[in-house]
Amino acid sequence: MANESKGLWKIIGASSLGTLIEWYDFYIFGSLATVISTKFFPSDNPTAAFLATLATFAAGFVVRPFGALFFGRLGDLIGRKYTFMVTLLLMGGATFLIGCVPSYESIGFMAPVLVLLLRLLQGLALGGEYGGAATYVAEHAPANKRGYWTSWIQTTATVGLFVSLLVIMLTRMTLSKEDFNEWGWRVPFWVSIIMVAVSYFIRKKMGESPLFAKVKAEGHLSKNPLKESFGNKANFKYVLLALFGATMGQGVVWYTGQFYAMSFIEKICMVDKMQSDVLIAIALLMGTPFFLVFGALSDKIGRKKIMLAGMLLAVFCYRPIYEKMYQTVSIKNKIEIVSKQNTKLSFVTNPKTNLRDSVYTTNYYFQDGAKKTDVKTIFLMYQGKNIVTSKEEIKASIIVNNSDKWMLIWMVFIQVLFVTMVYGPIAAFLVELFPTNIRYTSMSLPYHIGNGVFGGLLPAVAVYLATKANDANSLAESAGQQLPYDKPYLEGLWYPIIVSGVCFIIGMVYINSKHKHIDD
Amino acid sequence: MISMNKLKRLLGIVWILLALACAYFGITDFGWPKVAHPKGNDDLVFGIIILFVLMPIIVGGLLKFGIYAIQGLYDEE
């Protein structure tokens, strides 16, 4: 028994470490997007800017499901172990190479093209990795603890994000700002290759999944996993059920709790970037153990109940939670100490024009200890021989007091709890839906469509809905009419609320909660 | 058990109607205006993804799901 448990820990360790590294690789691109865009995608070149948009969207939405199909098929044909070693190497290689691509200034247009191609390879690898790791662990785990063991894989996405932020932060702290912007941003990409090498050698020593080996030995391997998964009604109905009754809702709850909350706090509430990073990191740290709690609980009371409860709670709690976050930070609810207000003028040389732009920094102080800073930059440009004002830009940021900071942390933590409820048991749930010979293919596609497409589109759709509401309010205001939207900043939440709601009903009615055996 | 199976089949009609509603609003409200009159690269790519990735998955998938439900493929024996 002790040996069995020790063996399982090795399997969990090897699988989780590799998946964590893949998430790390995937996230550092997003976290360093601002620096990357200045190095590879200059905004004054429209084609390069277009490639930047493609790199952001395409890798997440379009390529991941293709990776799921390609590597899922491979995993069902040649085995789980070799396939998820290939995805690991592909991801690590692509990440390392992104850190080596010369900048746009050095090699011109080839730079953004190479980065886009490597980013697409990252998406492809990520699409293949998760299904392999989840299947591999589940096929080793005892039936009564499958939820618990696979929930370790579920922690990797959050921990991967956390590690990526940590490595970037450490690199920034070690180097000067100039060095980081010049070459230091490449370090997190290079670090990946060391982690990948370690993980590769650990994984190499692992054996093949026992269930896959058994099916192979019996000669029951699928000859065409894609056809058997999606061309066969008896299996395809479960692929659709997995998508519309589970992963669709799980994807939007995940993206809302982990990414939209971050963007809402930074861009709508305008909390200082450093403070918002810290509070998100604390909430993620506090919430991560609950992946294991809900994974283990799903072994006792069933996957369906926990996942659907997470979705239902999200449906009813999102608007009150976001309203609370907004009101906590809003300066309308704070009293300013007018006597402390101050404005400083400084000049910054603009490298593009070589002119000295004026920067007005105004600080506002509030009785509760909060501080708001407005930075107004007046950009100059040449018009013939004359120097004129080209545009003005105002950036506001708020630093909240300690008690408001903790209120925000709790609000994000509650959302992370919903994430752990829907995401903790999902690997075991998906694995149990499909037979061994087509499991990798069948579970990977609904997972990556649910997360990559429904979840990945969340920020764009939510921003679109909020902008539409703001525009309608502005129109009504200028026409002297009553405002159609009372709280336009909450409009973006309708997307996760509606998707989770529909997913809850489908899951509630159609998912059979009876315990499943996966050893066919 | 019988009433649950009936409910599953009846809801199949709802999923088909939902798929058609998604197709209508997704194309006329979300996707097409962004492709026809984009306000920048992000807008154009977003519109293309809505029209050619999200819509086929939602509309095609929900239609198929609704048809399967009506056919009783999700019935419990």
Reachable lysines from residue A:352, criterion Cα separation under 23 angstrom, eight or more residues apart if same chain: A:39, A:177, A:376, A:385, A:391, A:395
Local net charge near residue A:263, Cβ-Cβ under 14 Å (Lys/Arg +1, Asp/Glu -1): 0
Built amide H within the under 5 Å cut-off of residue A:390, gap 5+: A:379, A:380, A:381
Selection from A:509, A:437, B:55 lying farthest towards where the dipole of the protein assembly as shown points positive, charges on Cβ: A:437
Taking A:389, A:87 and counting other C-beta atoms within 10 Å, the order from fewest to most: A:389, A:87
Computed [θ] at 222 nm, deg cm²/dmol, chain B (DSSP H ≥ 4; -39,500 (n - 2.57); rounded to nearest 500): -19500 deg cm²/dmol
Only Lys, Arg (+1) and Asp, Glu (-1) charged, at Cβ; the range A:460-518 dipole about Cα centre in debye: 500 debye
Value of relative contact order over the range B:2-70, rounded to a whole percent, pairs C-alpha under 8 Å and six or more apart: 53 percent
Peptide B:40-48 - average C-beta neighbours from other chains (10 Å radius): 5
Proportion of all alpha-carbon pairs of the protein assembly as shown beyond 34 Å (%): 44 percent
Convex hull of Cα atoms in the range A:338-402, direction-averaged projection (nm²): 5.3 nm²
Positive minus negative residues near residue A:359 (Lys, Arg vs Asp, Glu; Cβ under 12 Å): 0
Whichever aspartates and glutamates have a C-alpha closer than 14 Å to that of residue A:81, once near sequence neighbours (fewer than 8 apart) are set aside: A:129, A:139, A:208
Which of B:9, A:186, A:303 has the fewest Cβ neighbours within 10 Å, and the rest in rising order: B:9, A:186, A:303
Test item: B:10-19 mean partner chain Cβ contacts at 10 Å: 1
Per-residue HN-Hα couplings for the range A:349-360 [Karplus 6.51, -1.76, 1.60; θ = phi - 60°; Hz; x = Gly/Pro]: 6, 7, x, 6, 9, 6, 9, 9, 6, 8, 10, 9
For residue A:355, distant residues with modelled amide H under 5 Å away: A:350
The range A:161-200 versus the range A:378-422: alpha-carbon centroid distance in Å: 24 Å
Shielding score for A:503-512, defined as the mean number of other chain Cβ atoms within 10 Å: 3
Taking all pairs of distinct alpha-carbon atoms in the range A:73-204, Kirkwood radius in angstrom: 16.6 Å
On Cα atoms only, tilt of A:439-448 relative to the major axis of chain A in degrees: 20 degrees
FRET efficiency for residue A:109 and residue A:182, using Cβ-Cβ distance with R0 set to 25 Å, rounded to 0.05: 0.70
Per-residue ³J(HN,Hα) for the range A:275-290, Karplus 6.51 cos²θ - 1.76 cosθ + 1.60, θ = phi - 60°, Hz, x for Gly and Pro: 5, 5, 4, 5, 5, 5, 4, 5, 4, 5, 4, 5, x, 3, x, 6
Cα centre as origin, Lys/Arg/Asp/Glu Cβ charges: the protein assembly as shown dipole, Debye: 680 debye
Residue A:272 long-range amide H proximity, modeled H, under 5 Å: A:398, A:399, A:400
Order of A:27, A:200, A:318 under a 10 Å beta carbon neighbour criterion, fewest first: A:200, A:27, A:318
Estimated vicinal HN-Hα couplings, Hz - the range A:91-105 in sequence order (Karplus 6.51, -1.76, 1.60; Gly, Pro = x): 5, x, x, 5, 5, 4, 5, 4, x, 9, 5, x, 6, 4, 4
Greater than 32 Å apart at Cα, pairs in A:6/A:405; A:305/A:468; A:371/A:487: A:6/A:405; A:305/A:468
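Coordinate-derived values only; no laboratory data. All values reported here derive from a predicted model rather than from experimental measurement. Glycine gets a Cβ as well: all are built from the backbone with ideal geometry, and neighbour counts include every protein chain shown.
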